[in-house]
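Just so you know, all these numbers are worked out from the coordinates, no wet-lab data involved. Please read all numbers here as calculations on a predicted model, not as lab measurements. Glycine also receives a Cβ, built like all others from the backbone with ideal geometry; neighbour counts cover every protein chain displayed.
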Amino acid sequence: MKKLFFMALMLSASLSFSQTSSSTIIPDGGGNNASDIQNINSRSGMWIQSTKSNNYEGTFYLFENWIYKAEVFDIKGKGYDLPNCNFNVKSNRLEALIENDIDDKNGKIFAFNSADLSKFRIGQKLFVKKNTNKGANSMVELIQQGPKVSLYKYYNTTIKTTRINPMTQQKMGRDKIILSPTYFTESEGVMTEVKLKKSAILKIMASNKSEVKSFIKENKLNINEDEDVSKVFKYYNSL
């Protein structure tokens, strides 16, 4: 089955994934050896070398490890199951570790070009491609989808610099990587950045403001929590 996986990646090196392969390819076992894949040079992605850095506290990746399988769909709807995946928040892209030892932080990584993907599911999160003020091929997490308005989450990274010792002029520790969200609503195909504040949400849902306000109060929902705000959008879309 590994050979099929390698073939799938090689075929994906064209402008789109193969139209003749099966709709889903599931390789066996854990990591995969990159030596079986040669000369991948395309707009579908690129090889990068992962290097573990001790310069920062934290990670630029959404997950702490690479144990998650991803269901990946290209722009023509072809789907593939790939092991050992993670989401690079800094680069806003899906990456797959192609290595026998998935704990090898210096393993070889295939970074997908988001322009060639329509969506992917990793863990319990579904990411879809949208045109936002962050970029034309932004991969955003779907929080709640509905006929009136949908809610999406874009992940950002910032660096929190540590303090400098005034005596030694040396850093008092490592700089810290901070992951933070930006939320977007979509209505009639238009993506709009929104703050997760009660007033902002009620403004979006002005046509049913009183009902939504009561729903939030009665269910003691916290707008700043994804699970709770998802319930609010689901309720509003049901009215």
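Can you find, among F110, I122, Y155, the residue sitting farthest towards the positive end of the charge dipole of region 45-180, where Lys and Arg contribute +1 and Asp and Glu -1 at Cβ? Result: Y155, furthest along the dipole toward the positive end.
Looking at region 154-239, the trypsin sites (Lys or Arg not before Pro) that sit in a DSSP loop and have at most 13 other Cβ atoms within 10 Å of their own Cβ are R163, K195, K197, K220. Dipole magnitude for region 102-239: computed about the Cα centre from +1 point charges on Lys and Arg Cβ and -1 point charges on Asp and Glu Cβ, it is near 380 debye. Between A136 and R163, the FRET efficiency estimated from the beta carbon spacing at R0 = 30 angstrom works out to 0.20.
Of the GluC sites (Glu not before Pro) found in region 62-153, those that fall in a DSSP loop while having at most 11 other beta-carbon atoms within 10 Å are E64.
In order along region 195-206, the phi-based Karplus estimate (6.51 cos²θ - 1.76 cosθ + 1.60, θ = phi - 60°) of 3J(HN,Hα) comes to 8, 7, 10, 4, 5, 5, 5, 5, 5, 5, 9, 4 Hz; Gly and Pro are listed as x. Averaging the Cα positions of each part gives two centres, and for region 52-94 and region 161-239 these lie 23 Å apart.
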